[in-house]
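Input: a single structure, listed below in structure tokens.
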Amino acid sequence: MGVQLYVFDLDGVLYRMDEPIHAAVQAVGRLQGRGCRVFYLPNNASKSRADYVRKLGAIGVRAAEEEVMTSGYALGQWFLERNEAGRTVYVIGESGLLDELGAAGMRIVDYSEKETADYVAVGWDRQFSYEKLANAHISISRGSKFIATNRDATFPDAGGRTLPGSGSLVAALVTSTGVQPIAIGKPEPYTLDLILRRTGVSPDQCMVIGDRIDTDIAIGKRVGARTALVLTGIHTRWDLERYPDLTPDLVLESLAELQRLESDPPSRS
Ligand SMILES: [Mg+2]
């Protein structure tokens, strides 16, 4: 059985910042035209699924909200699956995360001396401050459960430079509290597992396509999916040596190569 479901990372795969990668946009359109299922799996929790549908639409990629799996949305689903809706959560994060947790029925609370939140959730937050760090630190010290949307150290910015990612904010809290969070996004398996459960596709009929070995290829390997590294983003061919246990099934210079592979699919090694 061939690949039924393609799961694309976004930044470095379909676009770089706001610049579309045209060969990739065309490849997605061809797959959809052939009736393949396509999902989008960014790690960033600062945007909602609706934000991503708009962003993808603007570069010519057709996407429905239910085909976008962000770590913020996934965190909301994680709470729902555990019957935690209605519990309180102190959030370090941006509007995309607040929207998704609110939609999942979580009660988003400010820090209070009187009442300790059930959870502290941490995602990317460009208004991060010592005050927020202290609030989260005290809450966790008093027993709030510590959840991270993802632990990405950096975030790609324009001109090839990087900025501190959610993982750097999470690390500050790990250092102060000594507590390790439950992490939701890539490379943890939860988000991809949720996509597979919702589509009913088996892992060996799913291909994950991404530009980072330590997140995109890693999550694919962890659930037993096929994996393709595309060299249009963060990692290069030389980075493969640094991750000997995470060799992808395919390494593509560009997603233009996907067309050739669709007509002549490689057998699984
Ligand atoms: Mg990426």
Of the residues in the range 35-60, those that are closer than 17 Å to residue 72 by Cβ and not in a helix (DSSP H, G or I) come to 39, 40, 41, 42, 43, 44, 45, 46, 47, 48
For the range 195-212, pairs from a residue that is touching a residue at least 24 places away in the same chain (Cβ under 8 Å) and over 14 Å from residue 250 (Cβ atoms) to a residue that is in a strand (DSSP E or B) and not basic (Lys, Arg), with Cβ under 6 Å and 6 or more apart or across chains, are 195/39; 199/5; 201/5
Open item on the list: If I filter the range 85-98 for residues that are closer than 27 Å to residue 159 by Cβ, within 15 Å of the ligand (Cβ to nearest atom) and within 16 Å of the chain's Cα centre (by Cα), do I get at least one hit?
Closed with: no
Scanning the range 4-26 for residues that are open to solvent by 30 Å² or more (accessible area, probe 1.4 Å) and not in a helix (DSSP H, G or I), the one farthest from the ligand (Cβ to nearest atom) turns out to be 4
(message) Based on this model, can you work out whether residue 33 counts as of a type outside the set (D, E, K, R) and over 21 Å from residue 191 (Cα atoms)?
(response) yes
In the range 215-226, anything out of contact with any strand residue (DSSP E or B) (no Cβ under 7 Å at 6 or more places or on another chain) and within 11 Å of the ligand (Cβ to nearest atom) is listed as 215
Considering residues that are more than 11 Å from the ligand (Cβ to nearest atom) and either without any contact (Cβ under 8 Å) to a residue 24 or more places away in the chain or surrounded by fewer than 23 Cβ atoms within 10 Å (Cβ to Cβ) (or both), the number found within the range 227-238 is 5
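The values are calculated or read from the model by the stated rules, or taken from the named source; none is laboratory data. Predicted model only: the values in this text are computed from it and were never measured. Glycine gets a Cβ as well: all are built from the backbone with ideal geometry, and neighbour counts include every protein chain shown. SASA here: full protein model, heavy atoms, side chains in, ligands and nucleic acids out. Shrake-Rupley method; radii C 1.70, N 1.55, O 1.52, S 1.80 Å.
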